[in-house]
Amino acid sequence: MTSQTPLPQSPRPGRPPMSTVVELNVGGEFYTTTLGTLRKFPGSKLAEMFSSSAKACTDAEGRFFIDRPGTYFGPILDYLRIGQVPTQHIPEVYREAQFYEIRPLVKLLEDMPEIFGEQVSRKQFLLQVPGYSESLELMVRLARAEAITARKSSVLVCLVETEEQDAYYSEVLHFLQDKEKSVVKFGPWKAAVDSSDLLYCLAMDIKAQGYKAVYDLFLVYATKTTRIYFNIYSFTFTWW
């Protein structure tokens with residue numbers, strides 16, 4: 001059971017700040033700290049939660065309650081207290097630092113290899129591919145739709161790197177759609193995006209959603225020309 005309790009008021013002008021002790025219940029984990037520590041970074045969500053004008057939820061014992069994972073609040077608190085940068089559970093602490101909007105800690109964690117590769121470098125890479133998330137979602141929807149009575153289902157992915165390639169691949173895309181093949185197009189994009197890296201990202205993100213999928217090159221021979229199309233891949237999902 002929780003209730004709403006006003007936070008202690010800030011000291012009056014001209015008086016020294018008071019280190020008001022605060023007991024916290026963060027997702028079932030208990031912590032003791034001071035208001036000064038929680039308000040260390042003005043503008044953060046944590047400082048806002050414990051501003052003098054805020055109304056905070058309390059548990060049955062009167063502890064201030066935050067409905068977040070409590071396990072990773074300890075490293076957040078250590079950083080606020082003494083500036084200690086976490087060395088374990090970096091992705092989880094990074095997520096909490098983002099939630100509490102503790103920007104100096106977020107920036108420090110983004111420089112660490114565990115975060116830089118996934119959250120900074122890969123994210124910037126995917127931003128160069130227009131509609132990546134929407135196309136990925138479409139892939140999964142199409143694969144699920146074809147898996148109603150089958151152990152496996154396949155979706156074709158066409159990687160179109162440039163505007164010139166977009167025109168080049170238009171014939172074969174129409175051909176595949178006429179054959180009732182499920183095709184999802186990625187691109188064109190303006191930056192120097194490597195197709196093999198994009199395929200790796202697709203496989204990685206599909207796996208992160210809990211699906212089993214492998215991909216292979218899907219060669220298509222055009223019907224009206226002698227062209228062979230190489231930038232088409234078959235993603236095969238296994239369901240049971």
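The values are calculated or read from the model by the stated rules, or taken from the named source; none is laboratory data. All values reported here derive from a predicted model rather than from experimental measurement. When we count neighbours, we look across all protein chains shown, and the Cβ atoms used for this are built from the backbone with ideal geometry, even at glycine. Areas reflect the complete protein model, heavy atoms only, side chains present, ligands, DNA and RNA absent. Shrake-Rupley method; radii C 1.70, N 1.55, O 1.52, S 1.80 Å.
Okay, here's what the table says:
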{"read-out": "Unique match (being open to solvent by less than 70 Å² (accessible area, probe 1.4 Å), within 30 Å of Thr32 (Cα to Cα) and either free of Cβ contacts under 8 Å to residues at least 60 places away in the same chain or touching a Phe, Trp or Tyr at 6+ places or on another chain (Cβ under 9 Å) (or both)) among Leu156, Leu105, Leu138, Leu142", "value": "Leu105"}
{"read-out": "Boolean, Phe125 is among the aromatic types (Phe, Trp, Tyr) and touching a strand residue (DSSP E or B) at 6+ places or on another chain (Cβ under 6 Å)", "value": "no"}
{"read-out": "Set Val172, Val160, Val183, Val106: member being of a type in the set (Val, Ile, Thr) and assigned by the TED database to the domain that holds Phe41", "value": "Val106"}
{"read-out": "Residues of segment 187-221 satisfying the condition of being open to solvent by 70 Å² or more (accessible area, probe 1.4 Å) and of a type in the set (Val, Ile, Thr)", "value": "Val214"}
{"read-out": "Single match in Phe125, Phe99, Phe116 (criterion: without any contact (Cβ under 8 Å) to a residue 12 or more places away in the chain and either open to solvent by 20 Å² or more (accessible area, probe 1.4 Å) or under 18 Å from Met49 (Cα atoms) (or both))", "value": "Phe116"}
